[in-house]
Structures are given as C-alpha cells and as structure tokens.
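Notes follow the structure.
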Amino acid sequence: MTALFLETSTSSTKEDIFIFLGFIEFLIGVVQIIGALVRTIGAIIYKKNIKLLLMYWLLVAIYSLVLYFFVKFNYDIFIWIPFAILIAIWYWIKIVFTKKTKEFFAP
C-alpha cells in the first residue's frame, strides 16, 4: 500500500484515498494548532478569552487521549476523525468568528 500522492502508477485503491484524506486532515490540524497556540499566547498576555481557549485545549486533550487509546487497542480510528472536524468548527465559531475577536489583542 503506497499513499496516493507518492504512487507512481495510475492505479489507486480505496485505502490510498483514505491515506491522502488523513494527510490533508493532518496538515489542517497542524495549522489549527499553530493558530490556537498564537491565540493562547495572546490571551495569556492580554488576559482575554482565556476560558474559551482553556475549553478548546481541554477538548483537544480529550480528543487526543481517546485517539491514542483507539490506536493502542487497534480500533478503527476513522469513526473518531469527524470529532476533530467538530472541534475545529467549534473553535472557529466560538473563538475566531466572534464579535470579541476584534478586541482580542487590544489591551
């Protein structure tokens, strides 16, 4: 099994598409975490939106812990992936696209 984006032949399997989608989701997750780290540092400095960001990090920690156990006990992790998308949607609605965002970094 070779990832779709690394494969040199023209034939691909259903597994290749899942690997490719997982890779794309991983990249989006990295961008999401970097953005959250920057916002968290800003929230700590300016003491604003700390409760929402703590809730976000708690959701990420719970998600990561459950994902770890899914992998450790060889469960199908694909049923758990939509929860990462739900956390990202919650983050963007509650933290990024709020009226408070305009004042987020204002002292």
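What follows draws every value from the coordinates through simple rules; no lab data is involved. Remember, predicted model here, so these are calculated numbers, not experimental data. Glycine gets a Cβ as well: all are built from the backbone with ideal geometry, and neighbour counts include every protein chain shown.
For the stretch 16-97, take N as its residue count and report Rg(C-alpha) divided by 2.2 N^0.38 Å. Spell out each step's value before the answer.
Working: Rg = 14.1 Å, N = 82, 2.2 N^0.38 = 11.7 Å.
So the Cα radius of gyration is 1.20 times the expected 2.2 N^0.38 Å.
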Completion exercise
For the stretch 82-95, Karplus-derived ³J(HN,Hα) couplings (6.51, -1.76, 1.60; θ = phi - 60°; whole Hz; x for glycine and proline) come out as x, 5, 5, 5, 5, 5, 5, 5, 4, 4, 5, 6, 7, 10
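Do any trypsin sites (Lys or Arg not before Pro) in the stretch 39-84 lie in a DSSP loop with no more than 12 other beta carbon atoms within 10 Å, and if so, which?
Filter output for the stretch 39-84: 47.
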